[in-house]
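The values are calculated or read from the model by the stated rules, or taken from the named source; none is laboratory data. What you are looking at is a predicted structure, and each value in this text was computed from that prediction instead of being measured. Cβ placement follows ideal geometry from the backbone for every residue including glycine, while neighbour counts extend to all protein chains displayed.
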Amino acid sequence: MPDIVIAPFGGGSNFAGITFPFLRLNFEKGKNIRCISSEPTSCPKLTRGVFKYDFGDTGGMTPLLPMYTLGHDFVPAPIHAGGLRYHGAGVIVSQLLKDKLIEAVAHDNLEVFEAGVLFAKAEGIIPAPEATHGIATVIAEANKCKEEGVSRTILFNLCGHGNFDMKAYDDYFEGRIVKHELSQEQINASLARLNTPDIP
């Protein structure tokens, strides 16, 4: 039984798929399993977005949904982890975070590729750039356990292999990937354009 469950986070499908069965054990059986979502600092909707009504699409065609968001017209940086560049978070995951039932962390481009390379060397599996975010969180949590002198079981979602992402790794080794973190000014500008109702 895991003590910690971790998954990369774009909109919430990978995260929800692996964590929700364990959250149910928390709710119904009194377990205390930490569930941590891992997102890029280039698109930090959970860690730095706002909980507000927003559209699920850039065209504003969906119903308004309560979510953590950076604004539906937010344009993320062209990072290699394309699946994690969605502007908002799923409704259920957003509510869980608002209620402090899950956790969220963010990692930068260089940190996640470093984690992916370390994982490939140790396990012989090249992870997809999306998956490296979860791996970076696993490494951080494992290092905390080491510092605290405790043993914890960590389960994470390796949501894809990187066999078709070799260009991304080549860019990393050639120094073409740079640390990128969204500035507060960029976040504020995007949210200022979000003309939707507040959640009561």
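Descriptive notes on the structure:
- Residue tally, condition within 24 Å of D3 (Cα to Cα) and either surrounded by fewer than 19 Cβ atoms within 10 Å (Cβ to Cβ) or of a type in the set (A, V, I, L, M, F, W, C) (or both), over segment 90-110: 14
- Count of segment 186-200 residues which are part of a helix (DSSP H, G or I) and in contact (Cβ under 8 Å) with a residue 60 or more places away in the chain: 3
- Filter result for A77 (crowded, with 18+ Cβ neighbours inside 10 Å, out of contact with any strand residue (DSSP E or B) (no Cβ under 6 Å at 6 or more places or on another chain) and under 30 Å from Y172 (Cβ atoms)): no
- On inspection, Y169 fails the criterion of being over 12 Å from the mean Cα position of the chain (by Cα), under 22 Å from I187 (Cα atoms) and not in a loop (DSSP other than H, G, I, E, B).
- Test: residue in segment 94-108 that is within 29 Å of K52 (Cβ to Cβ) and touching a Lys or Arg at 6+ places or on another chain (Cβ under 6 Å): yes
- Selection status of K52, in contact (Cβ under 8 Å) with a residue 12 or more places away in the chain, more than 18 Å from N157 (Cα to Cα), crowded, with 19+ Cβ neighbours inside 10 Å and among the charged types (D, E, K, R): yes
- Pairs, first among the aromatic types (F, W, Y) in segment 170-185, second modelled with pLDDT of 85 or more, C-beta under 7 Å, six or more apart: Y172/F113
- Looking only at residues of segment 148-166 that are more than 19 Å from the chain's Cα centre (by Cα) and of a type in the set (S, T, N, Q), we find that the one that is surrounded by the most Cβ atoms within 10 Å (Cβ to Cβ) is T153.
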